[in-house]
Amino acid sequence: MMAAPASPACCPNCGHSFRGEGPISSAGLILDPLRREAIWLGQPARICPREFDVLEIIVRAGGQPVSRDSIMARLDSDGCAPTAQVHVCRLRQKLRGIPISTIFGSGYAWRPTEG
């Protein structure tokens, strides 16, 4: 009997560890870091890998503000890639009603209870 292939322990492209990072579910959003899939309001989200990463960073912060600089540092941005605010803008366009709040002077926060 053949054993099922094991899930990767880390991303083959960037080395990011996946251990202990199961799917996240919050306010109509499901993020699956292992499959790199996002579901918004029951529909597959068509977002690019960087947008997925930005969304995951913000959601995992659990409502605490995440600065733009912190987001870009965690993405290992080389300065040529679009900024955090561009990624958030694109997420808001693609995922209408997504509860990402801009916190003046602090960055972005996942705030599903705000209007």
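Summing charges over neighbours of Val66, with a neighbour being any other residue whose Cβ is under 13 Å away from its Cβ, gives +1 when K and R count +1 and D and E count -1. Could you please report the charge total around Arg90, scoring K, R as +1 and D, E as -1 over all other residues with beta-carbon less than 13 angstrom from its beta-carbon? Charge balance near Arg90 sits at +3.
Multiplying the residue separation of Ala27 and Ser101 by 0.36 nm and subtracting their alpha-carbon distance yields 25.3 nm. Tell me whether segment 48-110 comes out rounded, prolate or oblate; compute the Cα gyration tensor, take square roots of the eigenvalues as a ≥ b ≥ c, and use a/c under 1.5 as the rounded threshold. Verdict is oblate for segment 48-110.
Since every read-out is calculated from the coordinates, none of them should be taken as a lab result. Worth saying up front: this structure is predicted, and the values here are computed from it rather than measured. Every residue, glycine among them, receives a Cβ derived from its backbone with ideal geometry; neighbour counts consider all protein chains shown.
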